[in-house]
Amino acid sequence: LKPSFVEPSIVRFSEANALGPTHVRVVAMATPKGHIVMEIMQIIVVALVYIILPIFGFLNRQRRSKLSSRSDVLSECERYSVALFRHILPDMAVQEYRFRGMQPKIASLDIEFKDLSVTLKKEGRCILEGVTGEFKAGRMATIMGPSGAGKTTFMNALCDKAYYGKTTGEIRINGVISSIAAMKQMRGFVPQDDIVHEHLTVREQLYYSAKLRNAEGTSRAEISNIVEDVLHVMHLLEVQHSIVGSVEKRGISGGQRKRVNIGLELAARPTLIFLDEPTSGLDATTALDIIHSLKRLTEIGMTVVMVIHQPRYSLFTLFDEVLLLGLGGHTVFLGHSEAVLPYFKSIGFQIPDHENPADWFMDVISGKVQNLRIAGFKPSMLSDFWKEKALSQDVAQLMHREVSPRPEDETVGMALERLRQNFGIGVNDAVAPDDLSKMLSSAGIEQASDAVLAELMRRIGFAGQSVNQRTFVDFIMGLKGCLAQDALSASSDSEGDLEASSSSDVSGDPIWKGQLQDRRLGCCKQYLVLLHQNALRWTRLWKQNVISMVLMIVAGAVFGAQCKDKLTVESPLAPLKINLSHVALGLMTGISCLSIFGLDRTVFWRESASGIQVIAFYLARCTISLFDVLAWCYIFSTVWFISSQAPCDYWTWLVAFRMTATSTAGWGVLVSTLVPQHSSTLAIAVVILIMGGAISEPQSIAEAPGTFSAVLAIFSPFTWTSGENYLAFVNQMGVDKVSPAALPIVKGYDQLLNTASMGDYLGYLGSSYVSCWTLGVISLTLGYCGLRFSHRGKQR
């Protein structure tokens, strides 16, 4: 009466019970060989992964020493180059480092904003009102004001991140109405909180950011140059191989962590970068170092806009543009930093002696300083003063400052003459390695490293054992700028592209819009990079993995021991003990999976906002975590099997436990994407206990057929896993021995596992596989949707 392709060892309990409840017979059933082979293959794969990942971590540690050596060579080469320049042209200024990777080849961006306002959606209160002005390309601008002035709100409105309110007004990019939010490829945003990967080193953080956020096809050498540039400009070379760490596990210092937070955005080589309070919590010296570093970026055409609090005046004067906001989000001043003090003096304020002007400005805006001309002065009047004078000639001059021209270059002839006088190298002579060593010795470098000397010769352009004098002089003259210009670089072309784009006509189709095509890595390549990142992260969490395995061993031993002598077909407690063991494994697995997204939710929001595809991030995390879930399951099942002295073959129990682990892992992922971290443990416990301890509890299963409870039971993975496990156990031990008290449970499981006649065609094991796979896919899909669509405002 059964289809011919049904496993011959399976006999439906309902058919076997046709003669009556006490006359039940089935043919003994062992786990099909095909399923055993599949389980063995899965165990082998998991074992290989657990062997490969530690080897991968070991090789990564070995690679660090090579990267350190290479980084030291590059740093020393820069030092040698600067020493040569200062020795040959002592009267000219030279920077300590030149960019090799951070060379934007895209159009520079002028940002104009008109009547920009934000009104809170819930309260209807206006927190930013009618801000109008412009931030010029290649300038560093700051937004300042007292607490409640709307500084962060203004920057969020510019970036379309003010999801909590309604934004009105107009934003123009190079004169064309547009949105900064649509320019993820060209802009960076540094949040106030230091959102970084706690388990990666400083260099690794920058590498993955550069790899994921630069154009597809960017060479490995160029990525390396970008990372070196960021390490140098943010002064992170000394800690490049240090784990960033967290509050619990100490890593780098707070100031260094802040620099890494900024460096993650710089590694993307943006044309426009916004920073929300990058100096908060730092001492004055560290804050000044960071602002100096950001100032250097304007030399390569980058526009820098930041919110800042209480800077010292030497730091304040570094800004090209300053936007001061008063209480209520009104504009009080917009112009270059050196014009702020004269402006406030011109409207009747007098600064005390020895007062920090930057702090005094905040006192004026807050209404703590009296106006010498106006009795009954109120802070709200400052906005009116600015509106009245903003179009006058003297104030208009305050708003724009021409960049002072650079001093004229030293003539090449001076360098040639210096070479002839000091080293006897004529116009037609070649520069040999010995000549270069003599120059370095004269410059104060007595023992030049062979590796550094070889790198320096490649940069100069040595062909064989010599280089002509003109090429050598060109190298020296190329050290004046902020971009590397030597035989190993192509910065001249990049600079030309930048200048051309800056002067292009923006009418019609602006040139910068051609850069908005999504040229970053596609989803599959992003997935591979993120998989590599998560594998590395896994190797840093080995202590946590070991603890998890030990806990699984303890749990397996305890729950196995309480099943000992009770796993007999005659015992009415057998189905209860089997279900309890499955619920225990499911609960532990679900709780363990909460960390997949729950702990790094802010990291995801930042990466999603920067253009990382959600599906790539989601799949990479789930892929690595899947091997942990399987390993925990195998450990628990083995220990439980030994401790319980369970009858039947090992595979009967392993197959069922593995289906439980993978199914409940999906629920853990779903909860981790939807429920806040502080409530997620309780949430997954409630979900698992309701499904396994109530809906799929054996007595509930016995009473379920023909009721609404049967519908609920179908959607619980424990119905399928515990049910299949118990029926397979009864099949092998003999259904005719089943206790009369357990027969209703047997029949209940039999009917539910045969839903839609799946049991007839697939058998109990096949129907359980299909059902658990379907429920798992549903929970993982819902988890993806939760990650993708919850907190959308924070992913902008």
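Could you please find all residues in the stretch 517-556 being over 21 Å from Leu599 (Cα atoms) and open to solvent by 40 Å² or more (accessible area, probe 1.4 Å)?
Those that are over 21 Å from Leu599 (Cα atoms) and open to solvent by 40 Å² or more (accessible area, probe 1.4 Å): Gln517, Asp518, Arg519, Cys523, Cys524, Lys525, Leu528, Val550, Ile553, Val554.
Answer yes if at least one residue in the stretch 685-697 is among the aliphatic types (A, V, I, L, M), without any contact (Cβ under 8 Å) to a residue 24 or more places away in the chain and more than 26 Å from Pro744 (Cα to Cα), and no otherwise. Even if it seems obvious, please write down each step before you answer.
Let us first name the residues in the stretch 685-697 that are among the aliphatic types (A, V, I, L, M), namely 685-691, 694-695.
Retained after the next criterion (residues that are without any contact (Cβ under 8 Å) to a residue 24 or more places away in the chain): 686, 690, 694.
Filter once more, keeping what is more than 26 Å from Pro744 (Cα to Cα): 686.
Within the stretch 685-697, one or more residues are among the aliphatic types (A, V, I, L, M), without any contact (Cβ under 8 Å) to a residue 24 or more places away in the chain and more than 26 Å from Pro744 (Cα to Cα).
Show the residue pairs meeting these rules: Cβ distance below 8 Å; 6+ apart or different chains; first residue within the stretch 162-173 and closer than 17 Å to Phe274 by Cβ; second residue in a loop (DSSP other than H, G, I, E, B) and open to solvent by 60 Å² or more (accessible area, probe 1.4 Å).
Close Cβ pairs (under 8 Å, with a partner that is in a loop (DSSP other than H, G, I, E, B) and open to solvent by 60 Å² or more (accessible area, probe 1.4 Å)) amount to Tyr163/Arg796; Thr167/Asp160.
From the list Val671, Val629, exactly one residue is part of a helix (DSSP H, G or I) and either within 23 Å of the chain's Cα centre (by Cα) or surrounded by fewer than 19 Cβ atoms within 10 Å (Cβ to Cβ) (or both). Which is it? Steps first, please.
Values: Val629 fails: either within 23 Å of the chain's Cα centre (by Cα) or surrounded by fewer than 19 Cβ atoms within 10 Å (Cβ to Cβ) (or both).
Testing whether each residue is part of a helix (DSSP H, G or I) and either within 23 Å of the chain's Cα centre (by Cα) or surrounded by fewer than 19 Cβ atoms within 10 Å (Cβ to Cβ) (or both) leaves just Val671.
From Gly766, Gly783, grab the single residue that is over 27 Å from Glu570 (Cα atoms) and assigned to a helix (DSSP H, G or I).
Working: Gly766 fails: over 27 Å from Glu570 (Cα atoms).
After applying the criteria, what remains is Gly783.
Being touching a Ser or Thr at 6+ places or on another chain (Cβ under 9 Å) and at pLDDT 90 or above is the filter here, so list the residues in the stretch 173-190 that pass it.
Gly188, Phe189
Taking the stretch 316-342, which residues are surrounded by fewer than 22 Cβ atoms within 10 Å (Cβ to Cβ), part of a helix (DSSP H, G or I) and touching a residue at least 24 places away in the same chain (Cβ under 8 Å)?
Glu338, Ala339, Pro342
Among Met306, Met302, which is the only one that is touching a strand residue (DSSP E or B) at 6+ places or on another chain (Cβ under 6 Å) and either touching a residue at least 24 places away in the same chain (Cβ under 8 Å) or among the basic types (Lys, Arg) (or both)?
Values: Met302 fails: touching a strand residue (DSSP E or B) at 6+ places or on another chain (Cβ under 6 Å).
Being touching a strand residue (DSSP E or B) at 6+ places or on another chain (Cβ under 6 Å) and either touching a residue at least 24 places away in the same chain (Cβ under 8 Å) or among the basic types (Lys, Arg) (or both) holds for just one of Met306, Met302, which is Met306.
Among residues belonging to the stretch 371-387 that are open to solvent by less than 80 Å² (accessible area, probe 1.4 Å) and among the aliphatic types (A, V, I, L, M), point out the one that is farthest from Leu323 (Cα to Cα).
Looking at the filtered set, the residue picked out is Ile374.
Yes/no per residue for (1) in a loop (DSSP other than H, G, I, E, B); (2) over 22 Å from Phe604 (Cβ atoms); (3) touching a helix residue (DSSP H, G or I) at 6+ places or on another chain (Cβ under 6 Å):
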position: Val529; (1), (2), (3): no, no, yes
position: Gln533; (1), (2), (3): no, no, yes
position: Ile553; (1), (2), (3): no, yes, yes
position: Gly556; (1), (2), (3): no, yes, yes
position: Phe559; (1), (2), (3): no, yes, yes
position: Cys563; (1), (2), (3): yes, yes, yes
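Does the stretch 57-73 hold any residues that are surrounded by 15 or more Cβ atoms within 10 Å (Cβ to Cβ) and among the hydrophobic types (A, V, I, L, M, F, W, C), and which are they?
Leu67, Val73 - these are the residues of the stretch 57-73 that are surrounded by 15 or more Cβ atoms within 10 Å (Cβ to Cβ) and among the hydrophobic types (A, V, I, L, M, F, W, C).
Scan Val711, Val655 and give me the residue that is over 30 Å from Leu536 (Cβ atoms), open to solvent by 40 Å² or more (accessible area, probe 1.4 Å) and not charged (D, E, K, R).
On the way: Val655 fails: open to solvent by 40 Å² or more (accessible area, probe 1.4 Å).
Every option except Val711 fails the conditions.
To keep it simple, each residue is scored yes or no on (1) within 29 Å of Arg296 (Cβ to Cβ); (2) at pLDDT below 85.
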position	(1), (2)
Leu59	no, no
Cys77	yes, no
Gln103	yes, yes
Ser108	yes, yes
Gly124	no, no
Gly148	no, yes
Asp160	yes, no
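For Ala430, state whether it is over 23 Å from Ser219 (Cα atoms) and either at pLDDT 85 or above or loosely packed, with under 14 Cβ neighbours inside 10 Å (or both). Outline the logic, then answer.
Values: over 23 Å from Ser219 (Cα atoms): yes; either at pLDDT 85 or above or loosely packed, with under 14 Cβ neighbours inside 10 Å (or both): no.
The answer is no for Ala430.
Does the stretch 144-162 contain at least one residue that is β-branched (Val, Ile, Thr), more than 29 Å from the chain's Cα centre (by Cα) and either buried (at least 21 other Cβ atoms within 10 Å of the Cβ) or closer than 18 Å to Leu334 by Cβ (or both)?
no
For the stretch 557-578, what are the residues that are closer than 20 Å to Thr638 by Cβ and either crowded, with 19+ Cβ neighbours inside 10 Å or basic (Lys, Arg) (or both)?
Step one: filter the stretch 557-578 for residues closer than 20 Å to Thr638 by Cβ, giving 557-567, 577-578.
Those that are closer than 20 Å to Thr638 by Cβ and either crowded, with 19+ Cβ neighbours inside 10 Å or basic (Lys, Arg) (or both): Phe559, Gly560, Cys563, Lys564, Lys566, Leu567, Lys577, Ile578.
So is Glu408 open to solvent by 50 Å² or more (accessible area, probe 1.4 Å), at pLDDT below 65 and assigned to a loop (DSSP other than H, G, I, E, B) or not? Break it down stepwise before answering.
Numbers: open to solvent by 50 Å² or more (accessible area, probe 1.4 Å): yes; at pLDDT below 65: yes; assigned to a loop (DSSP other than H, G, I, E, B): yes.
Yes; evaluated as a whole, the condition is true for this residue.
Could you list, ordered by first residue, the pairs with Cβ atoms under 7 Å in which the first is in the stretch 38-60 and in contact (Cβ under 8 Å) with a residue 24 or more places away in the chain and the second is open to solvent by 50 Å² or more (accessible area, probe 1.4 Å) and assigned to a helix (DSSP H, G or I), at least 6 apart or interchain?
Qualifying pairs under 7 Å: Glu39/Trp651.
Run down Gly783, Gly763 and say which single residue is in contact with a helix residue (DSSP H, G or I) (Cβ under 6 Å, 6 or more places away or on another chain) and more than 24 Å from Ser709 (Cβ to Cβ).
Details: Gly763 fails: in contact with a helix residue (DSSP H, G or I) (Cβ under 6 Å, 6 or more places away or on another chain).
After ruling out the rest, the residue left standing is Gly783.
Among Gly776, Gly783, Gly734, Gly766, which is touching a Ser or Thr at 6+ places or on another chain (Cβ under 8 Å) and surrounded by fewer than 24 Cβ atoms within 10 Å (Cβ to Cβ)? Give the derivation first.
Numbers: Gly783 fails: surrounded by fewer than 24 Cβ atoms within 10 Å (Cβ to Cβ); Gly734 fails: touching a Ser or Thr at 6+ places or on another chain (Cβ under 8 Å); Gly766 fails: touching a Ser or Thr at 6+ places or on another chain (Cβ under 8 Å).
Sole residue among the options that is touching a Ser or Thr at 6+ places or on another chain (Cβ under 8 Å) and surrounded by fewer than 24 Cβ atoms within 10 Å (Cβ to Cβ): Gly776.
Let me confirm something: among Gly706, Gly766, Gly786, Gly759, which residue is modelled with pLDDT of 90 or more and either within 30 Å of Ser608 (Cβ to Cβ) or not hydroxyl-bearing (Ser, Thr, Tyr) (or both)? Outline the logic, then answer.
Working: Gly706 fails: modelled with pLDDT of 90 or more; Gly766 fails: modelled with pLDDT of 90 or more; Gly759 fails: modelled with pLDDT of 90 or more.
Result of the check over Gly706, Gly766, Gly786, Gly759: Gly786.
Which of the numbered conditions does Ser722 fail, given that it passes all the others? Conditions: (1) under 21 Å from Ala574 (Cα atoms); (2) of a type outside the set (Phe, Trp, Tyr); (3) outside any helix (DSSP H, G or I).
Condition (3) is where Ser722 drops out.
Pull up the stretch 229-287, narrow it to residues that are at pLDDT below 90, open to solvent by 30 Å² or more (accessible area, probe 1.4 Å) and part of a helix (DSSP H, G or I), then point me to the one that is nearest to Arg312 (Cα to Cα).
Ala284
Checking the conditions here, which among Ile624, Ile635 is assigned to a helix (DSSP H, G or I), among the hydrophobic types (A, V, I, L, M, F, W, C) and either buried (at least 20 other Cβ atoms within 10 Å of the Cβ) or within 22 Å of the chain's Cα centre (by Cα) (or both)? Write out each step before concluding.
Values: Ile635 fails: either buried (at least 20 other Cβ atoms within 10 Å of the Cβ) or within 22 Å of the chain's Cα centre (by Cα) (or both).
Just one listed residue meets the conditions, Ile624.
Consider only pairs whose beta carbons are under 8 Å apart and that are at least six residues apart or on different chains; among these, list those whose first residue lies in the stretch 576-605 and is over 30 Å from Gly748 (Cβ atoms) and whose second residue is open to solvent by less than 30 Å² (accessible area, probe 1.4 Å) and in a loop (DSSP other than H, G, I, E, B).
Listed by first residue and then by second, the contacts come to Asp600/His197; Val603/Val196; Val603/His197; Phe604/Phe597.
Does any residue of the stretch 297-314 turn out to be open to solvent by 10 Å² or more (accessible area, probe 1.4 Å), basic (Lys, Arg) and assigned to a helix (DSSP H, G or I)?
As a first pass, look at the stretch 297-314 and keep what is open to solvent by 10 Å² or more (accessible area, probe 1.4 Å): 298-299, 301, 309-310, 312-314.
Then keep just the ones that are basic (Lys, Arg); that gives 312.
With assigned to a helix (DSSP H, G or I) added as a condition, the list becomes none.
No: zero hits.
Looking only at the stretch 166-186, count how many residues are on the phi < 0 side of the Ramachandran plot and open to solvent by 10 Å² or more (accessible area, probe 1.4 Å). Explain how you work it out, then say what you get.
First pass over the stretch 166-186, keeping only residues on the phi < 0 side of the Ramachandran plot: 166-168, 170-173, 176-186.
Remaining after also requiring open to solvent by 10 Å² or more (accessible area, probe 1.4 Å): 166-168, 170-172, 176-179, 181-182, 184-185.
Matching residues across the stretch 166-186 total 14.
The values are calculated or read from the model by the stated rules, or taken from the named source; none is laboratory data. Just so you know, these numbers come straight off a predicted model, no measurement behind them. FYI the Cβ positions are ideal-geometry reconstructions off the backbone, even for glycines, and counts take in every protein chain you see. All accessible areas refer to the heavy atoms of the entire protein, side chains included, with ligands and DNA or RNA removed. Shrake-Rupley method; radii C 1.70, N 1.55, O 1.52, S 1.80 Å.
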